[in-house]
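Data block below; observations after.
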Amino acid sequence: MLNFLKGVVSGSGTGLKDLPYNIGEPYSSAWGSWIHYRGTSKDDGTPVSVFALSGSSTNDGHLAAGRNGVKRLRTVRHPNILSFLHSTEAENFDGSTAKVTIYIVTEPVMPLSEKLKELGLKGTQRDEYYAWGLHRIAKAVSFLNNDCKLVHGNVCLASVVVTQTLDWKLHAFDVLSEFDGHNESAVGPMLQYDWLIGAQYKSKELLKSDWTTIRKSPPWTIDSWGLGCLIYELFSGTKLSKTEDLCNTASIPKSLLPDYQRLLSSMPPRRLNSSKLLENSEYFQNKLVETIQFMEILNLKDSVEKDTFFRKLPNLAEQLPREIVLKKLLPLLASALEFGSAAAPALTALLKMGSWLSTDEFSVKVLPTIIKLFASNDRSIRVGLLQHIDQYGESLSAKIVDEQVYAHVATGFSDTSAFLRELTLKSMLVLAPKLSHRTISGSLLKYLSKLQVDEEPAIRTNTTILLGNIAGYLNEGTRKRVLINALTVRALRDTFAPARAAGIMALSATSSYYDVTEIATRILPNIVVFTIDPDSDVQSKAFEAVDQFLQLVKQHHEKTNTGYTSTTSMGTSSIPGNASLLGWAMSSLTLKGGKSSEQGSYAPASSSMPPTSAAPDSSSNADSSSITPIHVSSSTDMTDQHVPVSPSLNDGWGELENDLEGLDGDKDGWDDIEPQEEPKPSPFLANIQAAQRRPVSQPKPQVSSLRGSIKNDDEDLWGSVPATAPASRTSSQPSSTRSSRTVDDDEDPWGAISAPAPSTKSLNVKKGGSLDDTDPWAAIAAPVPTSKARSSIGRGRGNKPTVPKLGAQRINRTSSGM
């Protein structure tokens, strides 16, 4: 037959050349004289089925019946009847003999007998699937007999095919005819092509061609008998060979046996109507049939019924045949969600069914629906998508996330529901690795900057943890601008203890992204004060972090002394940046129903996390004295630092000033960060910073006098220096060292990032007021030892009339010191 088809394609046939479908391999069985082929569309490769029927001449009876079948299949439309797509006739010559072939193209289907062997169902699952299939065929027969007044004539196993979604459909309409029982003048055969029906499938009256009795009987009598034949072949597993075999009922289910016997009644008027079979039989009342029926009429159900059904569906799906769930229920569920007829709990069932698919099938059958659902305005749908994002997030491509998904997800950052904001935040742990640098810097970081000052403490805490987790996906410039500012200026100053602990953990986990200068001047000074935090958990994490960063600085010092040169980054080498060490710290937000979304108590996810390895992958060279921050005048004014000359002096140090100054012009959300409790800088800090920016040019002092002066000042401020402390190496500073540096710079080397003492009595600086009225560090900063007032060289601090007290006191102190 394949050779024949090839001959048709290359021969003189007029119809097949224009057939827009390719013909493939045939199935082993088909109804009557038809041959059932697999096929595909020439346009897009869509699978189809092609049925071919050949005859020796145009007057062949099989061809006439085939044309009747084509006409009927084209005009009769029903969900349980095979869908017609295209038909044509082709004529070719085999020698001197002309052959005509009729082609019918339909939706892709497979013979029922072959599909049952492929599925191999047994027990209860087999009975449920058979019940569902018989239910479909009975509805098709009922439609033909009762609604259309048509008689199929040959309902049997061969006339049933199965679609890709495992639906059973009726075809083989060659014998199909109108029922003319109400036409008294009708004579002759009612079924013109009844000779095509096998004798074993004919009822007694049809076998005798008793058309008078047939016309006096209801229109369903012939096809009800056919339904009985189908039930026998289905449960016996064999093809009906003779009519007497129908009396063997051993294989028929007991719940179906009474109806089976009524279908095969010897008296035509008493045969069971197929519509009554659907209504009365207990056999069709099972989980599979009821589930699919509910899904098919979902639009007619109210919200309560939908919600109850979809909450039970995940557990119910495990009890149904897996193939049917994946090929029938899953497409129905995806369609219902996509077009809005399904409730939010249906998403849980969809994802559970999708977990049973392979990766490729999941991408084809489930992902398109999920991507469309992100555009939904239904808040419950959005919550469901975010709650289960870990189940499908890995399957989303970077392009889809960046171009289609993120824009819809980002609306949750500013949602009025705190629960939705938190879910949106947590979803970024999955989506952020797939976002472009432009999206992260231009959009995501701005949202995270706002969430760090959110009214919900849990959201502020988890925002800090997220920053630590996604640090590896930021480019180097963004990391320098964002990480330290976000984790110190905001996180460490939070009034919520778990948020401070999260900031310390995030700094430790991202230690590989900081150079030694940043560690010594910006990180350690901010962490040390938390060793006396009121919260014990914050204290313990602060001690661990201090040990970790001191170890990094110590290793840098050792490598510098041995002549080791490397880049400026330090810390552990990781993929990426130790971010995977951090987990969500806590969640105290609840749903509308009042159920807690997670544990309300604070439980650090990384509490069992060991300290980050202290093996740096790179470092900057500096003298051993650089680990003491006393000689750094400000955390941001790096031009005032005087580092001893070393082989790697330009290895990242020269660019540090530009990187830090670039903070003012950045647009990522952490520019000009101010503490939550301190909207404006205190006058004390403002005057110090203004003084530090003033250029001072003085001749280079004698080394011995400078060293002696520093020693005296240190003794005044910090007490006597232990004898074991390493000597300051200021004598090796270049000639640009500012000998006339104000004592105030040395007195407060951490200027903009550390806090003044909680009490002003011991400083003897400002007798008429308090220094920490607006300072958020006051509650946690370490008290400064009592010391004498130090002399200070005036820098015009009394020039501003708006701060008369501070200027006057500085002048008095300077004059008294001199």
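The values are calculated or read from the model by the stated rules, or taken from the named source; none is laboratory data. What you see is a predicted model; the values in this text were computed from it and never measured. Cβ placement follows ideal geometry from the backbone for every residue including glycine, while neighbour counts extend to all protein chains displayed. Accessible surface areas use protein heavy atoms only, side chains included; no ligands, DNA or RNA. Shrake-Rupley method; radii C 1.70, N 1.55, O 1.52, S 1.80 Å.
Here are some notes:
- Considering only residues in the stretch 394-414 that are open to solvent by 60 Å² or more (accessible area, probe 1.4 Å) and of a type in the set (D, E, K, R), the one that is farthest from Leu444 (Cα to Cα) turns out to be Glu394.
- Filtering the stretch 266-283 to residues that are open to solvent by 10 Å² or more (accessible area, probe 1.4 Å) and either among the aliphatic types (A, V, I, L, M) or farther than 21 Å from Ser203 by Cβ (or both) leaves Met267, Leu278, Glu279, Asn280, Glu282, Tyr283.
- Filter result for Glu305 (acidic (Asp, Glu) and farther than 19 Å from Val155 by Cβ): yes
- Taken together, the residues in the stretch 150-168 that are within 28 Å of Leu332 (Cβ to Cβ), open to solvent by less than 10 Å² (accessible area, probe 1.4 Å) and either more than 32 Å from the chain's Cα centre (by Cα) or among the β-branched types (Val, Ile, Thr) (or both) amount to 7.
- Cβ-Cβ under 7 Å pairs, at least 6 apart or on other chains, the stretch 482-494 side of a type in the set (D, E, K, R), far side at pLDDT 90 or above and open to solvent by 10 Å² or more (accessible area, probe 1.4 Å): Asp494/Arg460; Asp494/Arg500
- Evaluated against (1) assigned to a helix (DSSP H, G or I); (2) modelled with pLDDT of 90 or more, Thr212 falls short on exactly one condition, (2).
- Note on the stretch 43-87: among residues that are basic (Lys, Arg) and farther than 14 Å from Tyr103 by Cβ, the one that is most open to solvent (accessible area, probe 1.4 Å) is Arg77.
- Some residue of the stretch 444-456 being in contact with a Gly (Cβ under 9 Å, 6 or more places away or on another chain) and more than 23 Å from Leu429 (Cβ to Cβ): no
- Cβ separations smaller than 9 Å between residues 6+ apart or across chains give the following pairs from the stretch 331-353 residues that are within 11 Å of Phe310 (Cα to Cα) to residues that are open to solvent by 30 Å² or more (accessible area, probe 1.4 Å) and among the aliphatic types (A, V, I, L, M): Ala349/Leu316.
- In this entry, Thr106 passes the filter for residues that are in contact (Cβ under 8 Å) with a residue 60 or more places away in the chain, polar (S, T, N, Q) and in contact with a His (Cβ under 9 Å, 6 or more places away or on another chain).
- Residue count for the stretch 292-312, restricted to those that are closer than 19 Å to Ala131 by Cβ and crowded, with 20+ Cβ neighbours inside 10 Å: 1
- For the stretch 470-507, filtering for residues that are under 29 Å from the mean Cα position of the chain (by Cα), open to solvent by less than 10 Å² (accessible area, probe 1.4 Å) and among the polar types (S, T, N, Q) leaves 1.
- Beta carbons closer than 8 Å, at least 6 apart along the sequence or on distinct chains, pair a first residue in the stretch 274-286 that is without any contact (Cβ under 8 Å) to a residue 24 or more places away in the chain with a second that is not in a loop (DSSP other than H, G, I, E, B) for Asn280/Asp259.
- Pairs where the first residue, in the stretch 539-559, is in contact (Cβ under 8 Å) with a residue 40 or more places away in the chain and the second is open to solvent by less than 70 Å² (accessible area, probe 1.4 Å) and of a type in the set (Lys, Arg), C-beta under 9 Å, 6+ apart: Lys541/Arg500
- Qualifying residue in the stretch 429-437 (condition: assigned to a loop (DSSP other than H, G, I, E, B), touching an Asp or Glu at 6+ places or on another chain (Cβ under 7 Å) and surrounded by fewer than 20 Cβ atoms within 10 Å (Cβ to Cβ)): yes
- Scanning the stretch 235-258 for any residue that is open to solvent by less than 30 Å² (accessible area, probe 1.4 Å), within 30 Å of Ala199 (Cβ to Cβ) and among the acidic types (Asp, Glu) turns up nothing.
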